[in-house]
1. So which residues in the range 242-264 are of a type in the set (Val, Ile, Thr) and either surrounded by 21 or more Cβ atoms within 10 Å (Cβ to Cβ) or free of Cβ contacts under 8 Å to residues at least 60 places away in the same chain (or both), if there are any at all?
2. Name the residue, out of 79, 96, that is touching a residue at least 60 places away in the same chain (Cβ under 8 Å), farther than 11 Å from residue 127 by Cβ and over 22 Å from the mean Cα position of the chain (by Cα).
3. How many residues are out of contact with any Gly (no Cβ under 8 Å at 6 or more places or on another chain) and of a type in the set (S, T, N, Q) when one looks only at the range 348-372?
4. Residue pairs, Cβ under 8 Å, 6 or more apart or interchain, first in the range 352-368 and under 20 Å from residue 426 (Cβ atoms) and in contact (Cβ under 8 Å) with a residue 40 or more places away in the chain, second of a type in the set (Lys, Arg) and assigned to a helix (DSSP H, G or I). List them.
5. Which residues, taken from the range 307-360, are open to solvent by less than 10 Å² (accessible area, probe 1.4 Å), of a type in the set (A, V, I, L, M) and over 19 Å from the mean Cα position of the chain (by Cα)?
6. Filtering the range 250-288 down to residues that are aromatic (Phe, Trp, Tyr) and out of contact with any Phe, Trp or Tyr (no Cβ under 7 Å at 6 or more places or on another chain), which residue is nearest to residue 358 (Cα to Cα)?
7. Within the range 379-411, how many residues are modelled with pLDDT of 90 or more, open to solvent by 20 Å² or more (accessible area, probe 1.4 Å) and in a helix (DSSP H, G or I)?
Amino acid sequence: MGALQKLFKHTFIYGLATVLPRLLSFVLTRLYTDKLPTEDYGIYAALFVYLMIGNVVLSYGMETAFFRFMNKDQSQEKVQSTALSSILMTAVGFLVVAYFIKDFLADLLEFDVQYIVYGIWILFLDALCIIPFAWMRNKEMPLKYSYIKIFNVVVNLGLNLFFFLGLTQLLSSSTFFDSWEWIVFDNKVHYIFIANMVASLVTFLTVVPLYFKIGIGFDLGIWKKMLRYAFPVLLAGVAYTVNEGFDKILLKYLLPEDIAEQTVGIYAACYRLGAFMTLFVTAFKLGVEPFFFSHANNKNSKAIYADTTLYFTIFGTFIFLFVVAYSEVFKLLLIANPAYWEALWIVPFILLANLCLGIYHNLSVWYKITDRTSYGAYISIFGAVLTLGLNFILIPIISFKGSAIATLVAYASMMFISYYYGQKNHPIPYNLKKIGSYLGVSIVFSTLSFYVFDRNLIVGTLFVLVFLILIYKLENRELKRIFRSLRSGKQS
C-alpha cells in the first residue's frame, strides 16, 4: 500500500502540473473559439498535429530509454549525460536542416511559411527540455517539475490574452505605439504560435541550469543500447500521434474544400472536451512510468500493477461519466460560440477512447519492464493503421463522426491486444470482473445520459450518484484502508 500511496501522491502533484496548465488552456479554447472563425481555428488545430509528430520524432523514445537505463546496472552519470548530449545534437541538426528547407515544408504542408518558422523554433526549444524534465521525474522532484510546467502555461496564457484582448487597445491608445505595427497581423493565428514560441523559450531558460547538473558527455556503447531500446518507442510514439491527431489532417483533405477547414475547426474544438480525460491519463502516466520501472524487481510487483490498473479504471470511469453527464455545462464554459456546437456528438466517443488509452498505458507495463518495446511499436502501428483505414472509409460518409468512431475503435483495440499478449508473456492478475463492471456500467449510463436523455442534467446527476454508490459498495473496505494509510503517512 505504501508504494501505491507514493504513486498517487506523485500523480496528484504531476496532476497539478497537468491539470492547472490545462485549465488555463481551457481559457484559451474559449478565447480562440470566441475570437477566431471556425476556419482559422481549423488552421491552428491542423498545424498543431504536425507539431505533435515533430515532438515525438525529436524525442525519439530517449525519454523512456532514460528511465529504463537509469534504473539498470549502468553508470547513471554516463546514461544521463549521453541522453542529454544525444538530444542536444539532434535538436541542433534539426534546426539547421529545417530552416534550410522551410519553404519546401510550407509548400508541402500548405501553410504560410511564417507558421513553419514558428513551428521549427517551438520544436527545437521543446526538444532541449526533454531530458531535464525526465531527470526531474527520475529524481522524484514533482514539485519543481510542476512549477516550471505551470509557469510555461502562465506565460503562454498571458501573451495570448495580451495579443487577443489588449494589443488593439494599446495600439489605438497613443501614437507612441505606432512603431509596433510590425506585430499586427490580420490573421490572429500568428499570435497563438508566437505565444507558444516565447513560452518555450522561457521554459528552456528555466531548465538551462540542469544542463550543468546532468552534464554533457557521450558514451557510444550506452548510446547504442539506449537507441535500440528507444527505437520501438519512437515508432509507437509516431503511431500514437497518428491516432491522436491525424484525423484532423484527413478531415482537411478528404472533405470538400469549401467546408474542410470549418469542419476541422468545430471537430477540434469539441475534441477539447475530451481533454478532461486526457488530463487524468497524462498525470497518471507521468507518475506511473518511473514507478513501474522502480518496482520491476519487487516480488509483489504484479499485484501492485494489478491494483494500479484497477484504481485507474475506477477514477477514469467516474471522470468519463461525470463529464458526459455535465457536458452541457462544460460546453457553455469552454465553447460559448454556437458555431462550434455541431460536433458535440463526438464527446462521449473521445472521452471513452482516451480512457481506453489510459488503460492501455497501464497494461503496457509488461513489455516495458521486460525490454520488449517492439511489442509497443507493433500494437501502436496496428492502431495507427486502423485509425487511418477507418478515417478514409468513414469521413466521406459521416464526416467528423467517422473520425471519432475510428479513434475509439483504435484505442480499444490496442487495449485488448496489449492485454492478450501481456497475459501470454508476463501474466498479471488483473481483476477483470471489477474492471469490466466499471467500464460496462459507465458506458451504459453515459450512452443513456447523452444520446437518449439528450444531456438532461437531472438524469445525468442521478446516473453519477448511482455510480458513486456502486464504487462505495464495491470498494468500501479498500478505500477505508487507503485513507487510513494516507492519514498515518501524514502523521508520520
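The values are calculated or read from the model by the stated rules, or taken from the named source; none is laboratory data. From a predicted model like this one, the values you see are computed outputs, not experimental measurements. Here Cβ is always computed from backbone atoms with ideal geometry, including for glycine, and neighbour counts include all displayed protein chains. SASA here: full protein model, heavy atoms, side chains in, ligands and nucleic acids out. Shrake-Rupley method; radii C 1.70, N 1.55, O 1.52, S 1.80 Å.
1. Listed by number, the residues that qualify are 242, 259, 263, 264.
2. Testing whether each residue is touching a residue at least 60 places away in the same chain (Cβ under 8 Å), farther than 11 Å from residue 127 by Cβ and over 22 Å from the mean Cα position of the chain (by Cα) leaves just 79.
3. Number satisfying all stated conditions: 2.
4. What qualifies is 358/285; 361/285; 368/68.
5. Passing the criteria: 321, 324, 325, 335, 343.
6. Within the range 250-288, the match that is nearest to residue 358 (Cα to Cα) is 276.
7. Counting residues in the range 379-411 that are modelled with pLDDT of 90 or more, open to solvent by 20 Å² or more (accessible area, probe 1.4 Å) and in a helix (DSSP H, G or I) gives 16.
Each row is one residue, and each column tells you yes or no for (1) modelled with pLDDT under 80; (2) touching a strand residue (DSSP E or B) at 6+ places or on another chain (Cβ under 7 Å); (3) farther than 30 Å from residue 111 by Cα.
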| residue | (1), (2), (3) |
| --- | --- |
| 1 | yes, no, yes |
| 7 | yes, no, yes |
| 25 | yes, no, no |
| 31 | no, no, no |
| 36 | no, no, no |
| 39 | no, no, no |
| 47 | no, no, no |
| 65 | no, no, yes |
| 73 | yes, no, yes |
